[in-house]
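Below is one structure, written out as structure tokens; the observations come after it.
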Amino acid sequence: MCELLVGLPDVNVLGVVDIVDGLLEVVIEQRGARPSCRLCRGPAVAKDRAEVMLADLACFGRRTRLRWRKHRWCCPTADCGVGSWTGEDSRIAAPRMALTDRAGRWATLQVGKHGRAVSEVAEDLGCDWHTVNDAVIAYGSVLVDDPARFGVVAAVGLDETLYKREGRYRKQCWSTQIVDVQRGQLLDVVAGREAVTCCAWFAERSQAWRDGIRWATLDLSSSYRVVLDTMLPDATQVADPYHVVHLANVALDECRRRVQNETVGHRGRKHDLLYRARRRLVMARERLTVDGREQLMGLLAAGDPHREVWFAWNAKEVVRQIYDHTDPELAREWVDEIVRDFTDTEMPFEVRRLGRTIGRWKDQIVAWHQAHVSNGPTEAINNLINRVKRTAFGFRRFEHCRIRALLYAGKPNWELLATLTPR
Ligand SMILES: [Zn+2]
């Protein structure tokens, strides 16, 4: 009856021990025919026992561990020369793993699919962090590298994300997310954001796969532009609206801080007019209440003598309106007008610079109006990236970040988990 409950193939249950703190320990040994020597094929003899302790799935609500009394075998033939070996059974546990096979698969599902923290799953299983992490990597890397994981992709997106800070000076380590922006699927994560490494990733795909890509979205970074120009020359490049609007907000913020410094002589403090306006400035105009708008205008009238911040604020709103247009032709005219107006010598320096950048990316910005009628895809990328950041980044080794990210957002085929062999 006990063996039935333990549910492992070909084992004898030698005992069940109640350890303190509600921990249950099940002692087992393998059952079955005596193995033969791999060299001389003669029957082996049992030498002694080696005990391993494995974390297992909870049993009747109690944390359980398996004490596996492994046989150590040796060859009785004197001149054979084979050393002793330990009986393994991957149905119980994969070699070198500190938890059982079924617990390893369960942990991979919890961490990978449900995005639970490794520490939390380790607490559930009553084992340490590394045991769970090792299992997630061993089972997960097979799922992630499944060649069928992403098929034909029509729209790809590149985005940079900070995945950790390293060393004494908290040096920033960047990574590039390669996303199927139509399906909202993370295809891969590449270390760094340089053109060379991203090009190498695309070079590893087949020509047919690359030819299938019609759209490629990117932030306004020249290195990703090089990647797409080189590796996907026929795909239409689309500037991600989020990054375009972000750039306008950055220009506004820089302008506010410069004017603040020039008029008051120091960085913003709590009672400074422009500092008090900073949140309302970056808010979308239509989200301001009537009072909020009046207060903002009052603060600007008093703290912005040359109306520079006011210009930058309007510039930001005008950039946002690019995405109110549904007609590609009107959008192109609107962007042309932006470039003309922003680069006017009357404009503050930050707005002129923004205008030049928008001019350089005009085709990519306007392409959005042809590629995506709704802004669903880009929101999908941003949500995806945020999810990945929350659950998968911060690990010491980049490869671990990559596997965690792809398990969570890369849509692996979870049905494979039941049958795969861990790495
Ligand atoms: Zn032998």
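Every number in this text was worked out from the coordinates using simple rules, so none of it is lab data. Keep in mind it's a predicted model, so treat the numbers as computed, not measured. Here the Cβ is made from the backbone with ideal geometry for all residues, glycine too, and neighbour counts use every protein chain on show.
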Check your understanding: Could you state the number of Å between the C-alpha centres of segment 3-53 and segment 101-180?
Key -> 33 Å
Revision key, fill the gap. Checking rank on 341-349, 362-370, 386-394, with mean other Cβ inside 10 Å and highest first, the result is 362-370, 386-394, 341-349
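Out of every Cα pair in segment 1-67, what percent are spaced more than 16 Å from each other? Intermediate values should be presented prior to the final figure.
Values: 1220 of 2211 pairs.
Percentage above 16 Å: 55.
Please count, across the chain, the pairs of lysine residues with Cα atoms under 21 Å apart that sit 8 or more places apart or on different chains.
On the way: LYS47/LYS70; LYS113/LYS389; LYS113/LYS411; LYS164/LYS389; LYS171/LYS389; LYS316/LYS362; LYS389/LYS411.
Here the count comes out as 7.
Quick check: convex hull over the Cα atoms of the chain, volume per residue in Å³, rounded to an integer?
So the per-residue Cα hull volume is 225 Å³.
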Check your understanding: Restricting to the chain, what percent of DSSP beta bridges are antiparallel, rounded to 5?
Key -> 75 percent
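In what sequence, highest mean first, do 76-82, 259-265 appear when ranked by Cβ atoms within 10 angstrom? Don't skip to the answer; put the middle values down first.
Numbers: 76-82: 11.1, 259-265: 15.3.
Per-residue Cβ counts within 10 Å, averaged per peptide and sorted highest first, yield 259-265, 76-82.
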Exercise for review: Any chance you could give the angle, 0 to 90 degrees and rounded to 10, that helix 241-264 forms with the longest Cα principal axis of the chain?
Suggested key: 60 degrees
Review point. Per 10 Å bin, what percent of the C-alpha pairs of segment 241-371 does each bin hold, from zero upward?
Key: 13, 42, 31, 12, 2
Review point. Which percent of Cα-Cα pairs in segment 309-404 sits in each 5 Å bin, short to long?
Key: 2, 12, 17, 15, 13, 11, 10, 10, 7, 2, 0
Check your understanding: What is the distance in Å between the Cα centres of segment 185-199 and segment 349-368?
Key -> 25 Å
Revision key, fill the gap. If one compares the long axis through the Cα atoms of helix 222-231 with the longest principal axis of the Cα atoms of the chain, the angle in degrees, nearest 10, works out at 60 degrees
Review point. Under the rule of -39500 (n - 2.57) per DSSP H run of 4 or more residues, summed and divided by the residues of the chain, what mean residue ellipticity at 222 nm is obtained, to the nearest 500 deg cm²/dmol?
Key: -14000 deg cm²/dmol
Practice item. Using Cα pairs closer than 8 Å and at least 6 residues apart in sequence, work out the relative contact order for the chain, in percent. Key: 14 percent
Point to revise | the chain: angle of helix 362-371 to the longest principal axis, Cα-based, in degrees nearest 10 | key: 60 degrees
Practice item. Once you have all Cα-Cα distances for segment 2-144, histogram them in 5 Å bins from zero and send the whole-percent values. Key: 2, 9, 18, 18, 16, 14, 10, 7, 4, 2, 0
